[in-house]
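J.: Handing you this structure, nothing more for now.
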Amino acid sequence: MLEESQGASTMEGPQLKHVPPTAAHHLLSDAPEVAPSELNDTVQSLPSNAVKDLLSQEICARCIFRLFGVQGHIYSCSLLSSSTMSYIIGGPTDLSGDTMDSCFRKCENLSSSKDPKCDAKLCSLCLGILQFKFSCDTRTQLNKNTPDAVAVLIADMVREDGHQIDSFSLEVSVPPVIVENDNAIQSYMRTRYGAEPWFQEKLHFGCVSTKDALKFSIVYPLENLLGCKSNMNSFRIRLTCGLSNSSKGARKCPEGDKSCKRIKTGLDNGVGVTYDSMVSHIECSDSSKVESNLDGEKPFNSLLEMSSKLCGMFLEKVIGPCHFTVYCCRAPIYFGGRYLKYSRNVSQTRWIIDDERMGEASVEEIIGENILQRCHGDSYKFHAAGREDIDVRMLGPGRPFLVEVQNVRLVPSDSFVKDLEKLINNLESKLVGVKNLKLVGSHGWNVMREGEAEKQKQYAALVWISRPLNDEDLQSVSSLKDLKILQRTPIRVLHRRSPLEREKIIHWMKIETVAGSSQYFLLHLCTQAGTYIKEFVHGDLGRTHPSIGTILGCRAEILQLDVTNVKMDCFLP
């Protein structure tokens, strides 16, 4: 049951930055762009022969950067492309910054106008991911194949979903085949360029992964759009790039083809990679066939040529772009506190039998639904330290509980939580109340569970006995301390509980007489957790022994029961 309070509309959360859609492009234009001179210097620092070789194998500019271990915000440069890289490698080196920028942009425009198909080619290494060429659904459609376009898309989704954030964590998932592609191209480069002086210097630390390169490309414009920094935060932006069944080409060895062999490429230094290849499917002319010398070894030039062809063969052949999805979510947040139940017709959790509700409401719904609605979350889970029957009230300091809320849009502040507690306590029905509501970490679950098995509980039971109560009864009951009783599983719960015999302890008892009646009294008692109080009073046909009936030597019945204290240290003031 969810109830509205008159003051509910005035509750507000923390005021965190929202990005209006019209401001996105202005924010990007204000962001510091990578200077053309920086791009030029970075490309010029790479070995030109290796860069030209990789470009000829349809490997994109960002993949070339990551193969040489380049890191940082240069991946987000809007001018970075294969055509720009080709121009820098073959062009003049003494241009000014403005001239470089103009030349780079003209180079891009000229390349697109000359060969429209050129821009449609997908990188054979990253499968088009670092070219930002994706197959998207309607919500994640890109206007341009640039890092800025992806950042604007993500920022718009965060805004549309209503998230309030002060930082974010960027997570990336790419197809596993990209790792295989990386291994193949690195093995090829090791074979072809391992003897050159620059190789150890440039490739000593290994290449940057496609995941990290994609993060480098997007995180800087995204930080500017969202107005906050990227770190290990509870708010996660998850980018998933996956191959559809129709997007990848087959790379299988034909059945019965005996020429399919295992070839090991790479050096004997523990970093070589073993591949299954189809040697007979390598197309080469008679003049380029591998021949053996007098020592039975293959000439080095022939090995290079063969390695080059094998490299192209091992790279995953892609027919179409990867499918791109964006998912924004926040790690669960936890509200801890103590609840009170004032009604004898309210269950702890939602109770439905044969499509019929038992009771008029539940503690779970009254507390959980109000928290969920105000935090704008997706769902919630309610946990409590034990439970009471639907006809038993929960009084005193209350029972510890925890509400886990998934993917909240509004991040609650301390004042927000206090207002939320007031809202629940001021509901018109007055069925349930809360005390000491506060935000707790995921450790709150452990705190609540640690003392659950050892906790003590206090009760107040209204009891009727078949004879008048006398002073000796009061004395005999109050003198019993740490009384051990044996309880077999009660008859009323045998349909859902195992038939066991349990030993429990009644720590103390006290009788409070009722004015005007000699057969009714209030029994106050403190027991070990898990004691069945109703059965301890009436004996459950002898299944609980001793009981109040056997102690007083008469018939005893319980009419009402309240829990007055759950003695645990968690969620106290």
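The rows are residues; the columns are (1) open to solvent by 20 Å² or more (accessible area, probe 1.4 Å); (2) free of Cβ contacts under 8 Å to residues at least 60 places away in the same chain; (3) outside any helix (DSSP H, G or I); (4) of a type in the set (Lys, Arg).
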| position | (1), (2), (3), (4) |
| --- | --- |
| Asp389 | yes, no, yes, no |
| Gly398 | no, no, yes, no |
| Phe401 | no, no, yes, no |
| Val405 | no, no, yes, no |
| Val411 | yes, no, yes, no |
| Ser429 | yes, no, yes, no |
| Asn446 | yes, yes, no, no |
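Let's see how each residue does on (1) assigned to a helix (DSSP H, G or I); (2) within 24 Å of Cys322 (Cβ to Cβ); (3) touching an Asp or Glu at 6+ places or on another chain (Cβ under 9 Å):
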| residue | (1), (2), (3) |
| --- | --- |
| Pro175 | no, yes, yes |
| Glu180 | yes, yes, yes |
| Asn183 | yes, yes, no |
| Tyr188 | yes, yes, no |
| Arg192 | yes, no, yes |
| Glu201 | yes, no, no |
| Cys207 | no, yes, yes |
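J.: Scan the range 364-376 for residues that are in contact (Cβ under 8 Å) with a residue 40 or more places away in the chain, of a type outside the set (Lys, Arg) and within 18 Å of Val417 (Cβ to Cβ) and jot them down.
T.: Ile366, Ile367, Glu369, Asn370, Ile371, Gln373, Cys375, His376
J.: Would the range 371-381 turn up any residue that is assigned to a strand (DSSP E or B) and within 30 Å of Thr527 (Cβ to Cβ)?
T.: As a first pass, look at the range 371-381 and keep what is assigned to a strand (DSSP E or B): 379-381.
Subsequent filtering for residues that are within 30 Å of Thr527 (Cβ to Cβ) retains 381.
Within the range 371-381, one or more residues are assigned to a strand (DSSP E or B) and within 30 Å of Thr527 (Cβ to Cβ).
J.: Evaluate the following for Ser498: is it among the hydroxyl-bearing types (Ser, Thr, Tyr), at pLDDT below 95, open to solvent by less than 80 Å² (accessible area, probe 1.4 Å) and over 52 Å from the mean Cα position of the chain (by Cα)?
T.: Working: among the hydroxyl-bearing types (Ser, Thr, Tyr): yes; at pLDDT below 95: yes; open to solvent by less than 80 Å² (accessible area, probe 1.4 Å): yes; over 52 Å from the mean Cα position of the chain (by Cα): no.
No, not satisfied.
J.: Name every residue in the range 116-153 that is farther than 21 Å from Lys215 by Cβ and modelled with pLDDT of 90 or more, in order of residue number.
T.: Selection gives nothing.
J.: Report, ordered by the first and then the second residue, all pairs with beta carbons closer than 6 Å, sequence separation of six or more or different chains, a first member in the range 486-499 that is more than 16 Å from Gly539 (Cβ to Cβ), and a second member that is at pLDDT 90 or above.
T.: Sorted first by the residue in the range 486-499, then by its partner, the pairs are Arg497/Thr489; Pro499/Thr489.
J.: Here's something else I'd like to know. Yes or no: Leu243 modelled with pLDDT under 90, open to solvent by 10 Å² or more (accessible area, probe 1.4 Å) and closer than 15 Å to Phe132 by Cα? Lay out the reasoning, then the answer.
T.: Working: modelled with pLDDT under 90: yes; open to solvent by 10 Å² or more (accessible area, probe 1.4 Å): yes; closer than 15 Å to Phe132 by Cα: yes.
Answer is yes for this residue.
J.: Taking the stated definitions as given, is Cys526 part of a loop (DSSP other than H, G, I, E, B), under 30 Å from Gly444 (Cβ atoms) and either modelled with pLDDT of 95 or more or touching a helix residue (DSSP H, G or I) at 6+ places or on another chain (Cβ under 6 Å) (or both)?
T.: Here the answer is no, as Cys526 does not meet what is asked.
J.: Since Pro221 meets every condition but one in (1) modelled with pLDDT of 90 or more; (2) in contact with a helix residue (DSSP H, G or I) (Cβ under 9 Å, 6 or more places away or on another chain); (3) not in a helix (DSSP H, G or I), which condition does it not meet?
T.: Answer for Pro221: the failing condition is (3).
The values are calculated or read from the model by the stated rules, or taken from the named source; none is laboratory data. These figures come from a predicted structure and were not determined experimentally. With ideal geometry, Cβ positions are generated from the backbone for all residues, glycine too; neighbour counts draw on all protein chains shown. These area figures cover heavy atoms from the full protein model, side chains too; ligands, DNA and RNA do not enter into them. Shrake-Rupley method; radii C 1.70, N 1.55, O 1.52, S 1.80 Å.
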